[in-house]
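Read the structure below first, then the notes.
The values are calculated or read from the model by the stated rules, or taken from the named source; none is laboratory data. Quick caveat: nothing in here was measured; it's all calculated off a predicted structure. Here Cβ is always computed from backbone atoms with ideal geometry, including for glycine, and neighbour counts include all displayed protein chains. Ligands, DNA and RNA are stripped out before the accessible areas are found, and what is left, the full protein with its side chains, is counted by its heavy atoms. Shrake-Rupley method; radii C 1.70, N 1.55, O 1.52, S 1.80 Å.
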Amino acid sequence: MHYTTEVLDRSAGDLKEVSLGNWITVTELGERYGVGNKKVRSILHHMGLLQSEGKHGRYRLTANAVEQGLGIRHDKPKKSKYPFDVIGPEGQRLIALAWDEAVTDLERERLNDPQARSADAALQEFQALLPSPMTTQEEVCWLTSRFPDLTYQQIADLLGVQRPLVSRYANLQKKQIAFRASQKVSV
């Protein structure tokens, strides 16, 4: 989206529109680099541009990134009820410079643990058999049932999401399993 601002031309006394450049959402940035929503947010978090906020652990621009003019937070947008962030031209330039190194570093950290590496390989192999991608909830449930020794933090790191989200999905899965078990007993 192309952002503009109005400034007063003191010589003529008119308002003039000045371009602030092309600003894109975090999702559009991910599309530019060929990665999905979770992955782009995980990479930008690893770079220090995004931070986890709220009870659901949503990734949002840091106050420091906004102060430096790298992006804008839209906390109460008029047309959409969901807050979102946009990355400015300077932010896009800095991200482009650090992207490859951040991706490599994040991947190295993510697969440093042999148990996590094994779980990731099994998940990728399973996903290759599916006609459509798994949701985060499906990935969490699949990993917790097939790799019960993985911690919630290991799963969160593996999937590039926050630990509270993994905990919420895992607890929901436990409740569903308990409910189905109780239904079998009562029949």
Name, by its number, the condition in (1) open to solvent by 60 Å² or more (accessible area, probe 1.4 Å); (2) in contact with a Gly (Cβ under 7 Å, 6 or more places away or on another chain); (3) small (G, A, S) that does not hold for S132.
-> (2)
Looking at V35, V66, which one is without any contact (Cβ under 8 Å) to a residue 24 or more places away in the chain and within 26 Å of L150 (Cβ to Cβ)?
-> V35
What number of residues within the range 44-63 satisfy the criterion of being of a type in the set (A, V, I, L, M) and either in contact with a Gly (Cβ under 8 Å, 6 or more places away or on another chain) or assigned to a strand (DSSP E or B) (or both)?
-> 3
For the range 135-164, name all the residues that are surrounded by 15 or more Cβ atoms within 10 Å (Cβ to Cβ), within 17 Å of the chain's Cα centre (by Cα) and among the β-branched types (V, I, T).
-> T136, V140, I155, V161
Based on what the data block shows, is V66 surrounded by 15 or more Cβ atoms within 10 Å (Cβ to Cβ), aliphatic (A, V, I, L, M), touching a Lys or Arg at 6+ places or on another chain (Cβ under 9 Å) and assigned to a strand (DSSP E or B)?
-> no
Unmet requirement for D120, which otherwise passes all of (1) within 21 Å of G57 (Cα to Cα); (2) of a type in the set (D, E); (3) surrounded by 15 or more Cβ atoms within 10 Å (Cβ to Cβ) = (1)
Is the range 167-184 home to any residue that is under 22 Å from the mean Cα position of the chain (by Cα), outside any helix (DSSP H, G or I) and without any contact (Cβ under 8 Å) to a residue 60 or more places away in the chain?
-> no
If you take the residues in the range 19-41 that are more than 21 Å from D75 (Cβ to Cβ), touching a strand residue (DSSP E or B) at 6+ places or on another chain (Cβ under 8 Å) and surrounded by 11 or more Cβ atoms within 10 Å (Cβ to Cβ), which one is modelled with the lowest pLDDT?
-> G21
The correct count of residues that are open to solvent by less than 60 Å² (accessible area, probe 1.4 Å), modelled with pLDDT under 90 and in a loop (DSSP other than H, G, I, E, B) in the range 87-112 is 1
Does the range 78-86 include one or more residues that are assigned to a loop (DSSP other than H, G, I, E, B), without any contact (Cβ under 8 Å) to a residue 60 or more places away in the chain, closer than 21 Å to G160 by Cβ and open to solvent by 80 Å² or more (accessible area, probe 1.4 Å)?
-> yes
Residue under evaluation Q115, criteria (1) part of a loop (DSSP other than H, G, I, E, B); (2) open to solvent by 60 Å² or more (accessible area, probe 1.4 Å); (3) farther than 21 Å from G30 by Cβ, criterion not met = (1)
